[in-house]
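The structure under discussion appears below in the form of structure tokens.
What follows is calculated from the coordinates using simple rules that are stated; it is not laboratory data. Since this is a predicted model, take the numbers as computed values, not measurements. Positions of Cβ are backbone-derived with ideal geometry, glycine not excepted, and every protein chain shown enters the neighbour counts.
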Amino acid sequence: MDRNFARSLSLVLKSEGGWSDNPADPGGATMKGVTLANFRRYVKADATKADLRRISDAQLAVVYRRFYWDALAGALLPDGIDYAVFDFAVNSGPGRAAKYLQAVLGVVQDGRIGPATLAAAGEK
């Protein structure tokens, strides 16, 4: 199911914008949906806004994989559910995406996708 990461990422990126650095946006400087804070966390600790503007496809994939896909156990979710939860997480955060999935599945909503969530998702 991890084979779906590249395809899911390409679909998500179709709706993510380019460069944004709006002072009113709490996310701050953002390129293709990646904030400077997450770029520093997952790719380059001392990154500047200029570095973020030049983010490579490989660096972009690292951030999306680590911050969203892996956090949601995307590789273990059934086809289709993996993409839907990934896309939701990109827009609303991994914890919220996990809780909504758990609500739909009728399992404890702890915001962490573990064995109970995976088992319930596999039954749907």
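Side notes on the structure shown:
- Scanning the stretch 29-48 for residues that are among the hydroxyl-bearing types (S, T, Y) and assigned to a strand (DSSP E or B), we see that the one that is farthest from A75 (Cα to Cα) is T30.
- Test: residue in the stretch 39-53 that is within 30 Å of L105 (Cα to Cα), in contact (Cβ under 8 Å) with a residue 12 or more places away in the chain and under 16 Å from the mean Cα position of the chain (by Cα): no
- Hits in the stretch 7-38 (condition: closer than 16 Å to V63 by Cβ, touching a residue at least 12 places away in the same chain (Cβ under 8 Å) and among the hydrophobic types (A, V, I, L, M, F, W, C)): L9, V12, L13, W19, A29, M31, V34, L36
- Of residues in the stretch 1-28 being within 17 Å of the chain's Cα centre (by Cα) and among the aliphatic types (A, V, I, L, M), the one farthest from G74 (Cα to Cα): L13
- The stretch 49-102: number of residues that are assigned to a helix (DSSP H, G or I), among the aliphatic types (A, V, I, L, M), within 14 Å of T30 (Cβ to Cβ) and touching a helix residue (DSSP H, G or I) at 6+ places or on another chain (Cβ under 7 Å): 3
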